[in-house]
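Have a look at the structure below before the remarks.
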Amino acid sequence: MPSEHTPLLAGVPVANPRPRYPHAVLRRFCTLALASVLIWFFLALALSASLFPDGHSHHNPSGRWTWPGCRRRKVDYDQLQRILLDTPDSALARQWSSYYTAGAHLAGKNLSQAEWTRDKWEEFGVKSEIVSYDVYINYPVDHRLALLEQSNKAHDESTTTTWKVSYEASLTEDILDDDPSSSSPDRIPTFHGYSASGNVTGSVVYVNYGTYQDFEDLVHANVTLKGNIAIARYGGIFRGLKVKRAQELGMLGAILYSDPGDDGENTVEKGKKAYPEGPARQPSSVQRGSTQFLSFAPGDPCVVNLPRFLGTHFTDSPAGPPLDIPPSPIHPASRCIRRFPASLPSPSRMRMHCLSSRP
């Protein structure tokens, strides 16, 4: 029955109501995601403004720079450029370089230089300390390189073959009047770090740069390597890998030298003065350095890839790949180089003697 609550106009449904928007769930998700992004953005902006009132970097749009560690000190770009250009003092750099090169600083030697460096860093406001390590390392004791020539002596019914020394390399660098360090009593002998001690005699085979491919070319050419001594130029690869490959092929030793032909235009032959008067290599100079198998066992071979602090257990033999053959560096002015390979007397042999101290 109609009553007072009966509407005057009754609605008559004629179809199902359509949703106001399609994909309502997707639209609601996008709305929430966008709102969250905006909220986080404004929160980050407010936090940055509160923590970095001068800006979040050392550079602001006004072209002024804040000095690191002191936000109130303003430096413009031109001032900063002048500081960077004027602060390094060439005279001071020469003085410090002279100090470092005036004395031997072989690994494990010359503690005073390390202390001097530490004190300098402390003066600059950088906290520094000297940490001691107990490492496996060797030092040179003695070395010799001699060229032997064969001589035959006829007796009544037999001939005796003997070998005599025709030349012995000095294995030292010239003393220069303009370089007091060249005459220092504690100057470093010409030797290779981690070199093996040994006394070997054998024929010499030139192996170019001593790269893997250089040795492969000699093997394919049927050149006898086993039982002979390699002579190689520095360059191309790390020196230790030259000795490693020679050792793998059964060679007795290795002689390394710097080829003046690799010096480009900076040679005495091309008109440049030699050190210390010019950029050319001093003819008697010898490259020193380690011959450890760097690509396979860098650092202390007893604890490969790990620091060796004081008190660490020490083994009698290195854990890394051992160097079994003696290498020796010589200078290119040596007669051993000047007579090789074209005019080396045949038959001839090279005798090497290297002695290093144990740890």
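A few remarks follow.
- Restricting attention to segment 180-197, the residues that are under 22 Å from the mean Cα position of the chain (by Cα) and either in a strand (DSSP E or B) or without any contact (Cβ under 8 Å) to a residue 60 or more places away in the chain (or both) total 3.
- Condition check for residue 225: at pLDDT 85 or above, outside any strand (DSSP E or B), in contact with a Phe, Trp or Tyr (Cβ under 8 Å, 6 or more places away or on another chain) and more than 17 Å from residue 284 (Cβ to Cβ): yes
- Residue selected from segment 150-179 under the condition of a type in the set (D, E, K, R) and in a loop (DSSP other than H, G, I, E, B), by the criterion modelled with the lowest pLDDT: 156
- Some residue of segment 235-251 being under 18 Å from residue 295 (Cβ atoms), among the charged types (D, E, K, R), surrounded by fewer than 16 Cβ atoms within 10 Å (Cβ to Cβ) and modelled with pLDDT of 95 or more: no
Here's the yes/no breakdown for (1) hydroxyl-bearing (Ser, Thr, Tyr); (2) more than 23 Å from residue 239 (Cα to Cα); (3) within 20 Å of the chain's Cα centre (by Cα); (4) modelled with pLDDT of 90 or more:
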{"residue": "265", "(1), (2), (3), (4)": "no, yes, no, yes"}
{"residue": "271", "(1), (2), (3), (4)": "no, yes, no, yes"}
{"residue": "279", "(1), (2), (3), (4)": "no, yes, no, yes"}
{"residue": "304", "(1), (2), (3), (4)": "no, no, yes, no"}
{"residue": "310", "(1), (2), (3), (4)": "no, yes, no, no"}
{"residue": "318", "(1), (2), (3), (4)": "no, no, no, no"}
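- Just one of the listed residues (78, 142, 86) is at pLDDT 80 or above, among the acidic types (Asp, Glu) and surrounded by 11 or more Cβ atoms within 10 Å (Cβ to Cβ), and it is 142.
- Residue in segment 170-187 that is in contact with a strand residue (DSSP E or B) (Cβ under 8 Å, 6 or more places away or on another chain), within 24 Å of residue 228 (Cα to Cα) and among the polar types (S, T, N, Q) present: no
- Residues that are surrounded by 11 or more Cβ atoms within 10 Å (Cβ to Cβ) and of a type in the set (D, E, K, R) were ranked within segment 43-72; the one that is modelled with the lowest pLDDT is 54.
- Applying the set (1) in contact with a strand residue (DSSP E or B) (Cβ under 7 Å, 6 or more places away or on another chain); (2) in a loop (DSSP other than H, G, I, E, B) to residue 200 leaves exactly one unmet item: (2).
- Just one residue in the set 240, 278 is of a type in the set (Gly, Ala, Ser) and in contact (Cβ under 8 Å) with a residue 40 or more places away in the chain; that residue is 240.
- Residue 232 being in contact with a Lys or Arg (Cβ under 8 Å, 6 or more places away or on another chain), on the phi < 0 side of the Ramachandran plot, outside any helix (DSSP H, G or I) and of a type in the set (A, V, I, L, M): yes
The values are calculated or read from the model by the stated rules, or taken from the named source; none is laboratory data. Everything quoted here is computed from the prediction, not taken from an experiment. A quick note on method: Cβ atoms are made from the backbone with ideal geometry, for glycine too, and the neighbour counts reach across all protein chains shown.
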